[in-house]
Amino acid sequence: MTGSHGMPEKRRAIAAAARVVFGREGYTRASVDAIATEAGVSKRTIYNHFADKEELFRAVTIEGADEVTETINTLMERHLRKILDLQEDLIAFGVDRVRAIYEFPEHYALVRALQAEVTRLPEQTLEAWTAAGPATAHQRLAPYLQAIADRGLLAFEDANKAANHFNLLTVTDVLQRTYYGALPLAESAAREIVTDGVRAFLRLYGVQNSAK
């Protein structure tokens, strides 16, 4: 699944409108009529691109997750490919990752709607979103942590487990406190959460007296 880049203009407009309407009204209450109005197209145009509301919701949710993933991948390359000061580089990555939550307000509104209606969502949609986003986030971070460990700066037996712990310590608390970006979080508060999380992570997995 690719992101919105390269989509036909009308499909892109439909996807953008669907994010707004689903995020505002939730999956169950949102109607194709409302999405068509928001997009400035006819219902027939929507059905030319998507079989039904379920397929539309699944598509925009996964595409949003892919866009967030691309951004986080860029941040990992920027901060974790070349380590100069392990603690500071991990903190810088964590802070930028928290900032990224606020770069995708429509996507995280969708996430909030998804969580609120999790028992009413089609199983296929829930499974697809989970696989695209939260279930695999640690797997994308793990190779970076393993490369750092190979330099003798971290020590663990399971890179995936270490990556999952890093996410829990640095970003999960922010997501919960802000209700996935619905509430503002001061830069100082975000930095404090991330800094405390990184220090806890390094107490678990850091190598004492290692060269930077």
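Pull up the stretch 31-52, narrow it to residues that are more than 26 Å from the chain's Cα centre (by Cα) and closer than 13 Å to Arg12 by Cβ, then point me to the one that is surrounded by the fewest Cβ atoms within 10 Å (Cβ to Cβ).
Ranking the qualifying residues of the stretch 31-52, first place goes to Gly40.
Just name the residue that is surrounded by the most Cβ atoms within 10 Å (Cβ to Cβ) out of those in the stretch 174-186 that are touching a residue at least 60 places away in the same chain (Cβ under 8 Å) and assigned to a helix (DSSP H, G or I).
The extreme case among them is Val174.
A quick yes/no check of all residues on (1) over 21 Å from Ile193 (Cα atoms); (2) part of a helix (DSSP H, G or I); (3) in contact with a Pro (Cβ under 7 Å, 6 or more places away or on another chain); (4) at pLDDT below 90:
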site: Ile62; (1), (2), (3), (4): yes, yes, no, no
site: Val95; (1), (2), (3), (4): no, yes, no, no
site: Arg99; (1), (2), (3), (4): no, yes, no, no
site: Glu103; (1), (2), (3), (4): no, no, no, no
site: Leu110; (1), (2), (3), (4): yes, yes, no, yes
site: Thr125; (1), (2), (3), (4): yes, yes, no, yes
site: Trp129; (1), (2), (3), (4): yes, yes, no, yes
site: Pro134; (1), (2), (3), (4): no, no, no, yes
site: Gly152; (1), (2), (3), (4): yes, no, no, no
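So Val171 clears everything in (1) free of Cβ contacts under 8 Å to residues at least 60 places away in the same chain; (2) of a type outside the set (Phe, Trp, Tyr); (3) assigned to a helix (DSSP H, G or I) except one condition, right? Which one?
Of (1) free of Cβ contacts under 8 Å to residues at least 60 places away in the same chain; (2) of a type outside the set (Phe, Trp, Tyr); (3) assigned to a helix (DSSP H, G or I), only one is false for Val171: (1).
Mind checking which residues of the stretch 119-144 are surrounded by 13 or more Cβ atoms within 10 Å (Cβ to Cβ), of a type in the set (A, V, I, L, M, F, W, C) and either touching a residue at least 40 places away in the same chain (Cβ under 8 Å) or closer than 28 Å to Glu54 by Cα (or both)?
Within the stretch 119-144, Leu121, Leu126, Ala128, Trp129, Ala132, Ala137, Leu141 meet the criteria.
This table checks each residue for (1) surrounded by fewer than 18 Cβ atoms within 10 Å (Cβ to Cβ); (2) over 20 Å from Ala182 (Cβ atoms); (3) without any contact (Cβ under 8 Å) to a residue 60 or more places away in the chain; (4) of a type outside the set (D, E, K, R).
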position: Phe57; (1), (2), (3), (4): no, no, no, yes
position: Ala65; (1), (2), (3), (4): no, no, no, yes
position: Glu88; (1), (2), (3), (4): yes, yes, yes, no
position: Tyr102; (1), (2), (3), (4): yes, no, no, yes
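The values are calculated or read from the model by the stated rules, or taken from the named source; none is laboratory data. What you are looking at is a predicted structure, and each value in this text was computed from that prediction instead of being measured. Quick reminder, even Gly has a Cβ in these numbers, built from the backbone with ideal geometry, and neighbours come from all protein chains shown.
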